[in-house]
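The values are calculated or read from the model by the stated rules, or taken from the named source; none is laboratory data. Just so you know, these numbers come straight off a predicted model, no measurement behind them. As a convention, Cβ positions derive from the backbone with ideal geometry for all residues, glycine included, and neighbour counts pool all protein chains shown. When the accessible area is computed, the model is the full protein with side chains, heavy atoms only, and any ligands, DNA or RNA have been set aside. Shrake-Rupley method; radii C 1.70, N 1.55, O 1.52, S 1.80 Å.
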Amino acid sequence: MSGIKICGMGHYAPPKLMTNEDLTKIVDTSDEWITTRTGIKTRHHCVEETHADMCREAARMALKNAGVAPEEIGACIVATLTPDYLAPSAACLVQRDVGLPNDTVCFDLNGACSGFLFAMHTMECLLAASPRKYGLVIGAEMLSRFINWQDRGTCVLFGDAAGAAVVEWSEEYESIHALLGCHGDSDMLGVTGAGHADPPQIFMHGQPVFKFAVTAVPWCIDQVLARNGRTVDDVDFFVFHQANARIIDLAVRKYRIPEEKYYKNIERYGNTSAASIPTVLSELAQQGRVGSGSRVLLVGFGGGLTWGAALVEFK
Ligand code: ACO
């Protein structure tokens with residue numbers, strides 16, 4: 001036996017809010033369409049803040065809540081597809097800004113909206129070989145910089161935020177038994193990069209991605225529960241990637257998850273890709289709805305296409 005547990009959570013979102021009403025001045029849309037199709041009312045957009053600023057604030061909050069000093073961190077992974085620089089990595093900037101030791105293993109990981117799950121699994125493996133048993137896992141996105149303001153199908157969806165977890169590895173802990181996968185596809189959903197002449201931009205065909213998501217979520221839940229030898233009743237809280245309130249509602253209905261066991265913040269944040277799961281976890285911890293001993297099932301899906309799930313415990 002060996003694995004990781006969460007010791008503390010943190011999050012940060014820039015104060016500037018972009019409302020549905022604001023968007024009606026930019027594209028042909030309405031509050032009614034956005035609310036009924038997605039559940040989103042507002043999203044945070046960076047103005048002066050950088051991606052590094054968001055990571056630093058979320059990381060400091062997580063370290064404080066965990067009662068762990070920066071010198072105790074052995075590895076730092078930032079799950080992101082929107083860092084300030086392609087190099088240096090966002091994780092190297094966290095090392096600088098938070099004061100992690102110089103021998104901390106720091107790197108970025110791109111798993112799109114499933115990135116936090118990919119990073120948690122990678123951290124579990126890394127810490128097994130680390131002399132220091134605490135790790136910092138951050139999901140952070142500044143998607144507002146990559147919005148195509150001509151495309152009403154995507155520009156209403158995305159926001160900026162960062163969420164961070166301090167985790168501890170121990171031989172005494174159970175593994176999170178992460179279930180991760182991908183199906184390579186560059187047509188359905190993504191953000192363009194070096195293979196394109198124009199500046200990077202988000203693109204998505206909403207309907208096929210929606211269909212993929214509503215198939216992937218229950219598949220992930222079934223697989224991760226089976227892998228852990230658990231049932232839905234053994235789970236204290238379900239945390240879904242916040243891409244669309246309707247996707248979460250379908251899963252909640254299918255598994256008859258009671259209201260007190262799941263949470264949506266998509267109304268206030270929109271889709272923040274890799275930041276969405278840790279931001280939800282941090283808000284739940286702040287509200288005292290998850291804490292010591294809580295067993296939480298995390299489910300993510302998104303660009304790649306990627307998917308992932310894990311059963312994570314709080315220390
Ligand atoms: N305002 C008004 N009308 C709009 C808007 C808008 N903002 N956007 C699209 N429409 C119109 C379309 O033009 C279309 O009109 P038409 O019928 O006249 O052609 C109509 O609304 C329906 O469009 P759809 O794209 O079919 O709308 P849908 O109900 O599928 O909702 C949405 C779109 C919200 C994007 C949905 O498909 C969705 O949530 N998909 C999944 C998103 C997701 O899970 N992403 C994964 C993570 S993202 C990542 O990894 C970075």
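Comparing GLY300, GLY270, GLY195, which has the greatest mean-square fluctuation in the GNM of the chain with Cα pairs linked when under 10 Å apart?
GLY195
Any idea what diffusion coefficient the range 194-238 gets from Stokes-Einstein, in µm²/s, Kirkwood Rh on alpha carbon pairs, 4 °C, 1.567 mPa s?
95
Return the percentage of antiparallel bridges among DSSP beta bridges fully within the chain, rounded to the nearest 5 %.
65
Using modelled amide H (1.01 Å from N, peptide plane; none on Pro or chain starts), what sits under 5 Å from the amide H of TYR173, excluding residues fewer than 5 places away?
Hits under the 5 Å cutoff: GLY3.
If R₀ is 25 angstrom, what is the calculated FRET efficiency for the pair ARG295 and HIS183, using the beta carbon separation as r and rounding to 0.05?
My answer for the efficiency is 0.30.
So with the 1.4 Å probe, I'd like the accessible area per residue for the chain, rounded to whole Å².
42
Evaluate the Kirkwood expression for the hydrodynamic radius of the range 134-219, namely the inverse of the mean inverse distance over all pairs of different C-alpha atoms, and round to one decimal in Å.
Taking the inverse mean of 1/r over all distinct Cα pairs, the range 134-219 comes out at 16.1 Å.
What is the Rg over Rh value, at two decimals, for the range 14-129, using alpha-carbon atoms and the Kirkwood definition of Rh?
1.08
Assuming R0 = 25 Å, what is the FRET efficiency of LYS264 and LYS211, from their Cβ-Cβ distance, to the nearest 0.05?
Computed FRET efficiency for LYS264 and LYS211: 0.75.
What nm value, rounded to one decimal, do you get for the distance between GLU172 and VAL27 when each label is placed 7 Å out toward the C-beta?
For the pair GLU172/VAL27, the computed spacing is 5.1 nm.
How much length would be gained if the chain were fully extended between THR50 and ASP198, taking 0.36 nm per residue of separation minus their Cα-Cα distance, in nm to one decimal?
51.1 nm
Over the range 150-270, what per residue volume does the convex hull of the Cα atoms give, in whole Å³?
Taking the convex hull of the Cα positions in the range 150-270, it is 168 Å³ per residue.
Against the 2.2 N^0.38 Å scaling, with N counting residues, where does the range 61-128 land? I'd like the Cα-based Rg ratio to two decimal places.
1.08
Let me know the Kirkwood hydrodynamic radius for the range 47-187, please, with Cα pairs as the basis and the value in Å to one decimal.
Its Kirkwood hydrodynamic radius stands at 15.7 Å.
What are the radius of gyration and Dmax of the chain, computed over its Cα atoms and given in Å?
In order Rg, Dmax, the Cα atoms of the chain give 18.2, 56 Å.
Of LYS64/LYS133; LYS5/LYS64; LYS41/LYS211; LYS41/LYS254; LYS41/LYS261, which pairs sit farther than 20 Å apart, going by alpha carbon to alpha carbon?
From LYS64/LYS133; LYS5/LYS64; LYS41/LYS211; LYS41/LYS254; LYS41/LYS261, over 20 Å: LYS41/LYS211; LYS41/LYS254; LYS41/LYS261.
All other residues with a Cβ under 15 Å from the Cβ of GLU174 taken together, and with Lys, Arg as +1 and Asp, Glu as -1, what is their net charge?
-2
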